[in-house]
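J.: Below is one structure. I have some questions about it.
Every read-out reported here was derived from the displayed coordinates using simple, explicitly stated rules and does not represent laboratory data. Not measured: the values here are computed from a predicted model. Every residue, glycine as well, gets a Cβ built from its backbone with ideal geometry; the counts of neighbours run over all protein chains shown.
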């Protein structure tokens, strides 16, 4: 198995890997466990740019398949989590790379919450935000994580068990939208964070030109989930909302929850291209939030007008930004000292 592992990885980085293995012959004895992690991470650190990082991750995907790995234990911000060995983005973010992710955004979201809130992790993926909430010693709020991909959902469940959820976390293997029913999840072949409930025509740019596989899923609304868990609507709600352009659909399916909330705050990804793929645009998204009583803020909680939001989007390389939408009063800093 070690020989197969080396042959796969050598395809792109033959000289580096051969040199490393010659200097460390005993480390070729095991290809699994800590040795697998150590070798692949050492090779990854030699990459000079993102393209090389992606190619090394592809090599790791092939190597992992040859030795039969179904999952890998990664890490995010000091917290262990399980990831798929076929996910190029996940490997780079949580296994091969620095394993620090969205630290400023996570800090901003946790500062919006207190023990009396319900935290909704919508588009949970591997559960980065869920796990950070779960492991935060200053927060004891209820956590509900929503992830539509069956494969990713199983890894999310295992990660919560690994980190001792103690009954605080409820997991839903569904997608959220503005209606209930059956649907399809369009799967990215390179980034588990780019699975979508809306078909797209951008695979050349966002999926290496490959078509997306599809898997059947159940679709529900946030209003329906709130009724399922609480019988009515919690008064204090905090969301992380990142669903690849379907953010407006999710909020439309949460009208009752928003209206019934004394306090509703969400950290949302604003991605014009994704919104357009889902049949909306930034103006429609902004106008809906304003009509629902949700005001836009920057991650530093400074008010953001529509023109300022556009300026932020135009100033980023990928034309995407994070924003906070909120009604009501957030907890004071003294509520949950950090």
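J.: Identify, by number, the condition in (1) in contact with a strand residue (DSSP E or B) (Cβ under 7 Å, 6 or more places away or on another chain); (2) over 22 Å from residue 150 (Cα atoms); (3) crowded, with 24+ Cβ neighbours inside 10 Å that residue 60 doesn't meet.
T.: (1)
J.: Is it true that residue 138 is in contact with a helix residue (DSSP H, G or I) (Cβ under 9 Å, 6 or more places away or on another chain) and surrounded by fewer than 24 Cβ atoms within 10 Å (Cβ to Cβ)?
T.: The answer is yes for residue 138.
J.: Shifting gears a bit: Quick one: would you say residue 176 is within 25 Å of residue 83 (Cβ to Cβ), buried (at least 18 other Cβ atoms within 10 Å of the Cβ) and without any contact (Cβ under 8 Å) to a residue 60 or more places away in the chain?
T.: no
J.: Something else: Among the residues of segment 255-303, which ones are in a helix (DSSP H, G or I), in contact (Cβ under 8 Å) with a residue 60 or more places away in the chain and surrounded by fewer than 20 Cβ atoms within 10 Å (Cβ to Cβ)?
T.: 273, 277
J.: Just one of the numbered conditions (1) part of a helix (DSSP H, G or I); (2) over 23 Å from residue 253 (Cα atoms); (3) out of contact with any strand residue (DSSP E or B) (no Cβ under 6 Å at 6 or more places or on another chain); (4) in contact (Cβ under 8 Å) with a residue 40 or more places away in the chain is not true of residue 308; which one?
T.: For residue 308, the failing item is (4).
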